[in-house]
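Asker: Attaching a single structure in structure tokens format; questions to follow.
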Amino acid sequence: MATLTFLDSCVLFAAHRGKPAEREPSLAIMNDPGRSFIASPFLYLEVMPKAVYHRNKSEIEFYRTYFDKKVGILMNDVESIVNIAREESERCGLAAMDALHVAAAYLAEAEVLYTLEHKDKPIYRTSLVRVVWVEPQETS
């Protein structure tokens, strides 16, 4: 059975336009056939509009491919996401967008939420979903 996985926006950014040390492990997670990906309207809003505004065709295509072909679960219950995000933000001190991602991942029963946020960030305080740091690869 596929591992239900939520990718933070920083992982998507790194997979498309990051430095190789962050891009390679991010792409490895995205291309893992043993994963099923979860997204939310908030994740889409965090990554897609700026690419569209700046007419970055390769970035638009990259995100479209992710949302249209890789994402198996789109968590659209915005009211529930916001309610849980508010509670978790107040409990753990999460930034608004991190709280929304954690809530969406939790509601979709994600097994893991991957991020490139530093390990001292509040997102790691949540107990709603396992948060895992995408460790950049050593470069020579």
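Asker: Any chance you could count how many residues in the stretch 92-104 are within 10 Å of the chain's Cα centre (by Cα) and farther than 9 Å from I81 by Cα?
Answerer: 1
Asker: Any idea which residue in the stretch 55-87 is surrounded by the fewest Cβ atoms within 10 Å (Cβ to Cβ), counting only those that are hydrophobic (A, V, I, L, M, F, W, C) and assigned to a helix (DSSP H, G or I)? If you could, list the steps in order and put the result at the bottom.
Answerer: Residues of the stretch 55-87 hydrophobic (A, V, I, L, M, F, W, C): 60, 62, 67, 71, 73-75, 78, 81-82, 84-85.
Next, from what is left, pick out any that are assigned to a helix (DSSP H, G or I): 60, 62, 67, 78, 81-82, 84-85.
Working: I60: 15, F62: 18, F67: 17, V78: 13, I81: 24, V82: 15, I84: 19, A85: 23.
Checked the stretch 55-87; the qualifying residue surrounded by the fewest Cβ atoms within 10 Å (Cβ to Cβ) is V78.
Asker: Next up: Among the residues of the stretch 1-43, write down those that are touching a strand residue (DSSP E or B) at 6+ places or on another chain (Cβ under 9 Å) and in a loop (DSSP other than H, G, I, E, B).
Answerer: M1, A2, D8, D32, G34, S40
Asker: Let me ask something additional. Regarding S26, is this residue over 23 Å from V132 (Cβ atoms) and of a type in the set (G, A, S)?
Answerer: No: the conditions fail for S26.
Asker: Consider E46 against the criteria (1) within 15 Å of the chain's Cα centre (by Cα); (2) outside any helix (DSSP H, G or I): it satisfies all of them except one. Which criterion is unmet?
Answerer: (2)
Asker: Now for a different question. Under the condition of being touching a residue at least 24 places away in the same chain (Cβ under 8 Å) and out of contact with any helix residue (DSSP H, G or I) (no Cβ under 8 Å at 6 or more places or on another chain), which residue from the stretch 34-47 is nearest to L113 (Cα to Cα)?
Answerer: Residue satisfying both the conditions and the ranking: S36.
FYI, it's all coordinate maths here, none of it is from the lab. The model shown is predicted, which means the values in this text are computed figures rather than measured ones. We place every Cβ from the backbone using ideal geometry, glycine too, and count neighbours over all the protein chains shown.
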